[in-house]
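> I am attaching a structure below and will ask some questions about it afterwards.
The values are calculated or read from the model by the stated rules, or taken from the named source; none is laboratory data. Note that the structure is predicted; figures quoted are calculated from it, not measured. Cβ: placed from backbone, ideal geometry, glycine included. Neighbour counts: every protein chain shown. Remember, those area values only see protein heavy atoms, side chains included, never the ligands or the DNA or RNA. Shrake-Rupley method; radii C 1.70, N 1.55, O 1.52, S 1.80 Å.
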Amino acid sequence: MAEAPASPHAPVREAWLAQVQEPILEPELPIIDAHHHLWDRPGQRYLLPEYLADTGSGHRILASVYVQCRSMYSADRAAPFDAVGEVEFAAGIAAQSASGLYGESRLCAAIVAGADLRQGEGIVPVLEEMQARSGGRLRGIRNATAWHGDPRLVSNPRPPPAKVLTDERFHEGVACLARHDLSLDIWAYHTQLDEVLALARRFPDQLIVLDHFGGPLGAGPYAHQRQEVFQTWSLAIRELARCSNLRLKLGGLGMKVGGFAFDERATPPSSAELADLWRPYVLTCVEAFGAERCLFESNFPVDKGMFSYGVLWNAFKRLTQGWDKDDRVALFSGTAEDTYRLSSNSRSAVVTARS
């Protein structure tokens, strides 16, 4: 068995996180967690029990979207079919949650899988098998694409090569997605947003979901350039918003590459502090894209090394207090529901919660 690569994420320290305890704000507000992972890695297990402990912390999580992270690839199959194992794994978790034994949440109600689009047309049999094995929950595909030449800016245990987003074979694979009614999730740093823009323009009929605010970097060579990065990033966000086929996930600023370095402090941040820090990013995105094209995400357990699940959603609730009701519904649940075409059970739960 190959040795697992070292994690680039801040380690989860439950005792450290427990230093900040907050009452849950607006506990009845329906939420769809638009982006999370599950994995079993050396020293960092985050499977259904761990995720349930977080989603059960007081916020009303009606459903969630599982996003690829190379979990449970099949050891008995060669690439690219080994990635079907992750879909089977996520579908099994979804089936457990759909039993109702764990509360009203429908976790992994939608699945974003990791079919290697650099296979071009050759990826079609993989997509078809993933759909067949997903229990009707496969909604999109994501590949590892976040890249920077500085070795300090790594957010994937197995970093991708440079320029995947401009690779012609990758584009051939992207062209296959619409035929299978699948969206494309993209995780890219702000230094790659020109590549995302070119891709969105080349495939105007392909629904593309840009993860983690579009990756404003704050570590490595950008550690002391927060304002300069913000200006460059915000210009790129406004240009991306012109592409009607793009949607934007708001979250992921707890990754080390973001440079906020909460994990280096004696105590975790409060939701009020996070709301103040994140407000300029959220406002920029919502003003550019509109709430109907933005969706909140937890990015857990990646971001859990920086703050707890309860604090995270409290922060999103704080920074949107006083906003238009329809905009809040879109950000917390509606856009995710529409983007990932959640199952009838999850959709009914959301509609009931809103009524």
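> Could you please find all residues in the stretch 196-213 being open to solvent by 20 Å² or more (accessible area, probe 1.4 Å), in a helix (DSSP H, G or I) and not hydrophobic (A, V, I, L, M, F, W, C)?
Residues satisfying the conditions are Arg201, Arg202.
> Right, here's the next one. Answer with yes or no whether Gly218 is on the phi > 0 side of the Ramachandran plot, surrounded by 18 or more Cβ atoms within 10 Å (Cβ to Cβ), assigned to a loop (DSSP other than H, G, I, E, B) and out of contact with any Cys (no Cβ under 6 Å at 6 or more places or on another chain).
No, not satisfied.
> Can you name every residue in the stretch 298-342 that is touching a helix residue (DSSP H, G or I) at 6+ places or on another chain (Cβ under 7 Å), open to solvent by 20 Å² or more (accessible area, probe 1.4 Å) and closer than 14 Å to Leu274 by Cβ?
Scanning the stretch 298-342 gives Ser308, Arg318.
> Being assigned to a helix (DSSP H, G or I), at negative phi and buried (at least 18 other Cβ atoms within 10 Å of the Cβ) is true for just one of Leu184, Leu177, Leu153. Which residue is that?
Leu177
> Give me the residue from the stretch 24-45 that is surrounded by fewer than 14 Cβ atoms within 10 Å (Cβ to Cβ) and in contact (Cβ under 8 Å) with a residue 24 or more places away in the chain and, out of that set, nearest to Ser183 (Cα to Cα).
So, considering only residues that are surrounded by fewer than 14 Cβ atoms within 10 Å (Cβ to Cβ) and in contact (Cβ under 8 Å) with a residue 24 or more places away in the chain, the one nearest to Ser183 (Cα to Cα) is Asp40.
> Being of a type in the set (Val, Ile, Thr), surrounded by 14 or more Cβ atoms within 10 Å (Cβ to Cβ) and under 18 Å from the mean Cα position of the chain (by Cα): is that true of Ile93 here?
yes
> While we're here: State all residues of the stretch 30-69 that are of a type in the set (Ser, Thr, Tyr), outside any strand (DSSP E or B) and out of contact with any Pro (no Cβ under 9 Å at 6 or more places or on another chain); if no residue qualifies, say none.
Thr55, Ser57
> Looking only at the stretch 46-63, count every residue that is closer than 30 Å to Asp326 by Cα, without any contact (Cβ under 8 Å) to a residue 60 or more places away in the chain and either of a type in the set (Gly, Ala, Ser) or surrounded by fewer than 19 Cβ atoms within 10 Å (Cβ to Cβ) (or both) and tell me the total. First the steps, then the outcome.
As a first pass, look at the stretch 46-63 and keep what is closer than 30 Å to Asp326 by Cα: 51-63.
Retained after the next criterion (residues that are without any contact (Cβ under 8 Å) to a residue 60 or more places away in the chain): 52-53, 56, 61.
Still in the list and also either of a type in the set (Gly, Ala, Ser) or surrounded by fewer than 19 Cβ atoms within 10 Å (Cβ to Cβ) (or both): 52-53, 56.
Matching residues across the stretch 46-63 total 3.
> Starting from residues that are among the hydrophobic types (A, V, I, L, M, F, W, C) and not in a strand (DSSP E or B), keep the ones in the stretch 99-128 and report whichever is surrounded by the most Cβ atoms within 10 Å (Cβ to Cβ).
Ranking the qualifying residues of the stretch 99-128, first place goes to Ala115.
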